[in-house]
Amino acid sequence: MKQGKPLQFQMRCTFALFTILTFLTVLTPVVQARINVVTLPGRDSVQLTIYNSADLTLVRETRFLTFRKGLNKLEFSWANTLIDPTSVEFRALTHADKVEVLDVSFPPRVTNTLEWRINSEVAGEVQVEIRYFTSGISWSADYVAEAGRNEKRMDLAGYVRVNNNSGEDYENAEIRLVVGVIKLVEEIAQLARQGRPEQPPCRRRWRSWTATDLR
């Protein structure tokens, strides 16, 4: 499920040497504070559960991360997407009893990015799951019925089209389609556009729902 390539642009600026040196001096503490931050590697697998009636999709990603023993910092960005930052969750699938999320923060001067501080009692590869809600993904179904010559038998075929306008690519995703009614506390798209949340991520997506999983 691909999105169009985001527009890229370049800016050319000329500064006096004194201005450059001053700028670098100001930024030095920030750069040093983020020197051990690791960005996420590519996905190993991804599953989308699409709730069509509410413009809501639950995304489950698995990735393999290499941790060092002790404190690790991991960065997750939702820039240019409709991901709800208040719903992002992290958990270890392997060595789950030895990998612990200490806290979540939103670094200053870094837009649409959160940072996990994770303590690991093991050094090496760990499979993890990251899950969150997004909007902008929808599906529609078409059905074709073909009656037999004796009009006593009918073949029914169903076709599903999935549209992805979430701002994020989900290549080779496993897709589950859900029919039902969901009553949201807050709209996911609105939360995504608010930028950095005031509070750490928490679970607060819907009040109630009734649904049928079509897989």
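For this structure, a couple of remarks:
- Taken together, Thr49, Thr81 contain a single residue that is assigned to a loop (DSSP other than H, G, I, E, B) and modelled with pLDDT of 90 or more, which is Thr81.
- Within the stretch 65-84, restricting attention to residues that are under 18 Å from the mean Cα position of the chain (by Cα) and of a type in the set (Gly, Ala, Ser), the residue that is nearest to Glu125 (Cα to Cα) is Ser77.
- Listed by first and then second residue, the pairs with beta-carbon distance under 7 Å, at least 6 apart or on different chains, first residue in the stretch 73-89 and within 13 Å of Phe106 (Cα to Cα), second modelled with pLDDT of 90 or more and assigned to a helix (DSSP H, G or I), are Trp78/Pro85.
- Hits in the stretch 59-82 - residues which are more than 14 Å from Ser166 (Cα to Cα) and aromatic (Phe, Trp, Tyr): Phe64, Phe67, Phe76
- Unmet criterion (only one of (1) touching a strand residue (DSSP E or B) at 6+ places or on another chain (Cβ under 8 Å); (2) farther than 16 Å from Pro41 by Cα) for Leu65: (2)
The values are calculated or read from the model by the stated rules, or taken from the named source; none is laboratory data. Treat the numbers as computed from the prediction; the structure is a model and nothing was measured. FYI the Cβ positions are ideal-geometry reconstructions off the backbone, even for glycines, and counts take in every protein chain you see.
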